[in-house]
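Since the structure comes first, as structure tokens, the remarks are kept for the end.
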Amino acid sequence: MTDCVFCNIIAGKIPGQFVHQDEQVVVFKDIHPKARVHLLVVPRVHVESLAELTGQHDGLTAHMMRLLSQVARAQGLDNGFRTVINTGPGGGQEVPHLHIHLLGGGPLPGF
Ligand code: AMP
């Protein structure tokens with residue numbers, strides 16, 4: 001998806017501040033942070049949103065879930081963290097490439 005901003009970050013065509021990379025997932029800093037720590041956990045494969053996940057993504061989604069606390073600990077979020085997944089226009093999703101917001105380290109915005 002050449003017009004997808006997150007695919008372009010993953011491909012190195014747009015700069016990203018990566019804090020974690022593995023075979024399936026990258027994690028980089030949100031460009032407009034809403035907390036002291038605001039990261040985006042993003043699969044390398046282009047899946048538009050939660051609504052497009054199928055059984056073939058079960059391994060990937062399990063990996064993303066388990067990675068969250070690992071990354072949070074590495075960022076010093078020992079006291080806890082917030083995760084947010086926006087899905088589709090009705091859920092406020094602006095970038096149509098599945099991602100999990102990982103926030104913490106201070107006051108958090110309300111819902
Ligand atoms: P969402 O509304 O859930 O789709 O969130 C998209 C997030 O991507 C927003 O928090 C944006 O600040 C963030 N974002 C958009 N473009 C970039 C970029 N080039 N680098 C890092 N984060 C970005």
How big is segment 1-67 on each of its three principal axes, counting only the C-alpha atoms and giving the largest first in Å? 33, 27, 22
Based on Cβ point charges of +1 for Lys and Arg and -1 for Asp and Glu, what charge dipole magnitude is obtained for the chain about its Cα centre, in debye rounded to the nearest 20? 380 debye
Rounded percent of accessible protein surface that carbon and sulfur make up, the chain, 1.4 Å probe: 52 percent
Please give the Cα centre distance for segment 66-104 versus segment 9-28, rounded to the nearest Å. 15 Å
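Mind checking the per residue accessible area of segment 5-104 for me, 1.4 Å probe, whole number of Å²?
The answer is 56 Å² per residue.
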Relative to the first principal axis of the alpha-carbon coordinates of the chain, what is the inclination of helix 58-74, with its axis defined by its Cα atoms, in degrees from 0 to 90 and to the nearest 10? 30 degrees
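The values are calculated or read from the model by the stated rules, or taken from the named source; none is laboratory data. Because the structure is predicted, anything quoted here is derived from the model rather than measured. Glycine also receives a Cβ, built like all others from the backbone with ideal geometry; neighbour counts cover every protein chain displayed. Just the protein is used for accessible areas: all its heavy atoms, side chains included, with ligands, DNA and RNA removed. Shrake-Rupley method; radii C 1.70, N 1.55, O 1.52, S 1.80 Å.
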